[in-house]
2 protein chains.
Amino acid sequence: MADIFFDVKKHSDHQKFLKGMELLYFAYRDFISWPDDVLHTLGFGRAHHRVLHFVGRNPGLKVAELLKLLNITKQSLSRVLGTLVEKGHIRQDIGDQDRRQRLLHLTKQGEFLLNKIAEHQKEHMLKAFKNAGNHSVEGFWKVLSALIADENRVEILSQVSRDMGK
Amino acid sequence: MADIFFDVKKHSDHQKFLKGMELLYFAYRDFISWPDDVLHTLGFGRAHHRVLHFVGRNPGLKVAELLKLLNITKQSLSRVLGTLVEKGHIRQDIGDQDRRQRLLHLTKQGEFLLNKIAEHQKEHMLKAFKNAGNHSVEGFWKVLSALIADENRVEILSQVSRDMGK
DNA sequence: TTAAATATGTCAACATGGCTGACATATTTT
DNA sequence: AAAATATGTCAGCCATGTTGACATATTTAA
C-alpha cells in the first residue's frame, strides 16, 4: 500500500519532527479531554484525576513519592489532595515503620470514582490500539519510552511496569 | 529477545491501557518541559510557542483557523497573540478577498525565535526516533493518529500533512 | 539526651492560561 | 438597509502551577 503518510523513510528529519510533534500534541489533547462531566460535577479537575490514578496504582504510596511522580510542589498537591481526603476518596494511613509518613490509599468511594472516570479513556485507548494493530502499539510504547527524559527513564519505567509482571 | 515490557500480547486489556496512558503522560510531560529559558526570559510561555508554531507552519493563517487548531477562545488567544504582535514576532495582514480577516505571518524575528525554541525539541524527538527505530516510529504515528478524536481526525491529519508532500 | 535531619502541612502572594459574558467595529452578504 | 461574519476588547472568574517562610511531629545522629 502506498500510504505515504506513515512511510517514515519518505520524510526528512524536519518533517519527522513536525509530524511527531503535532500528532503527539493533538492525540494527547484529544485523549485527556474526554467528557469529564463526572469529575466536574463533583468539583474535581484533571489534577484530582492524576492523584486518584497514581494512588490507585500504588496503594500505600508516600506523599513524597506522589510528588515525584506528579512533578509538582507539595503546596500544589495539598489543595488537591486535601479535598480528595475531605470528601472521602483517599485515606491517609500513618506509616508503621516511620510514623511521619502518610501512606495513601483509595477508599471504596475513591476506587469507584476512579473506575468511573477511567472507563471512557480506557475505551478510547483500546479502540485506538485495535485500529492501529498490536504491531503499532509496540512501536508506540518504544517511542514513548525513548521520549522520556534520560534522568527519569529508569524510575518511570519501573513505575509503568508495576503489576505488569504476568 | 525476551523484552516482555514491549510484548503487547503478554498484556491484558487493562494492562495495555495503563501502560499506554502512563507512557503517554510521562513522555508528553518530558517532551514539552524542555529547558524553556529562551521563551521565559522574553516573557513568553508555552501558549506563545504554540501560536508561533502554528503560524509558522501555516503562513497566512486566519485567526478563526488558529483558534480551531488551538481549541481555545478568542479571548484567551488575544492576550497571547497581542504580545507576539506587539513585540514584532507576528504580522497581521488584512485579507485581500475579505478585508475583515487578519492573515497571520511570522516576521523574520518570529522565525528566528521559533527556530531557537524548536532546536531542543527537535533534537529530543529525533534522538528518540533514532533509538526506537523507523519501524517503531511508524507505529507511533499510527497509534497517535488513531487516538485523535473521530470528529477531528480528517482535518487534523490534513494539517499534519501540510508540506509533507515530497 | 540533645541537636539535626526528615516527612509532612500550611499560610500568603503571585503567574499562567484557560473560561464566560457583554459589547464594539468593520466588512460582507442577503 | 438589515443581518451575518471576522475580529477585538473589557472585566472578572477559575484551576493549577510557582516561591518563600514557617510549624509540627518524628526519627537519626552526635
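The values are calculated or read from the model by the stated rules, or taken from the named source; none is laboratory data. None of the values given here were measured: they were computed from a predicted structure. Note: ideal-geometry Cβ built from the backbone for every residue, glycine included; neighbour counts use all protein chains shown. Quick note on the areas: whole protein, heavy atoms, side chains included, nothing else; ligands and nucleic acids left out. Shrake-Rupley method; radii C 1.70, N 1.55, O 1.52, S 1.80 Å.
Can you divide the C-alpha Rg of chain B by 2.2 N^0.38 Å and report the result to two decimal places?
Values: Rg = 18.8 Å, N = 166, 2.2 N^0.38 = 15.3 Å.
Normalised Rg, Cα atoms only: 1.23.
Mind checking which of A:76, A:12, A:136 has the largest fluctuation in a GNM of chain A, springs on alpha carbons under 10 Å?
A:12
May I ask for the accessible area buried between chains B and A, both sides summed, probe 1.4 Å, to the nearest 100 Å²?
Interface area, both chains combined: 7500 Å², rounded to the nearest 100.
How big is the gap, in Å, between the Cα center of the range A:66-80 and the Cα center of the range B:70-103?
36
Given the protein assembly as shown, what whole percent of its Cα pairs are spread farther than 25 Å? Could you put the intermediate results ahead of the total?
On the way: 31338 of 54946 pairs.
Taking all Cα-Cα pairs of the protein assembly as shown, the fraction more than 25 Å apart is 57 percent.
Treating only the Cβ of Lys, Arg, Asp and Glu as charged (+1, +1, -1, -1), what charge dipole size does the range A:1-109 show about its Cα centre? Round to the nearest 20 debye.
400
Please give the helix A:13-32 orientation as an angle from the longest Cα principal axis of chain A, in degrees from 0 to 90, rounded to the nearest 10.
40
For residue A:94, project a label point 7 Å along Cα to C-beta. Then give me every residue of the range A:48-82 with its amide nitrogen under 19 Å of that point.
A:60-64
Mind checking the angle between helix B:46-57 and chain B's longest principal axis? C-alpha axes, 0 to 90 degrees, to the nearest 10.
The two axes meet at around 80 degrees.
Setting aside same-chain residues fewer than 8 positions from residue B:10, which aspartates and glutamates have a Cα under 18 Å from its Cα?
A:138, A:163, B:22
Assuming 0.36 nm per residue, please report the length gained on full extension of the stretch residue B:33 to residue B:131 beyond their Cα-Cα distance. Walk me through the numbers before you get to the answer.
Details: separation 98, 0.36 × 98 = 35.28 nm, distance 2.01 nm.
Between residue B:33 and residue B:131, full extension yields 33.3 nm more.
What number, rounded to the nearest 500 deg cm²/dmol, is the helix-based mean residue ellipticity at 222 nm of chain B, given -39500 (n - 2.57) per DSSP H run of at least four residues and division by all its residues? Provide the component values of the computation, followed by the final result.
On the way: 8 runs with 109 residues, N = 166.
That calculation yields -21000 deg cm²/dmol at 222 nm.
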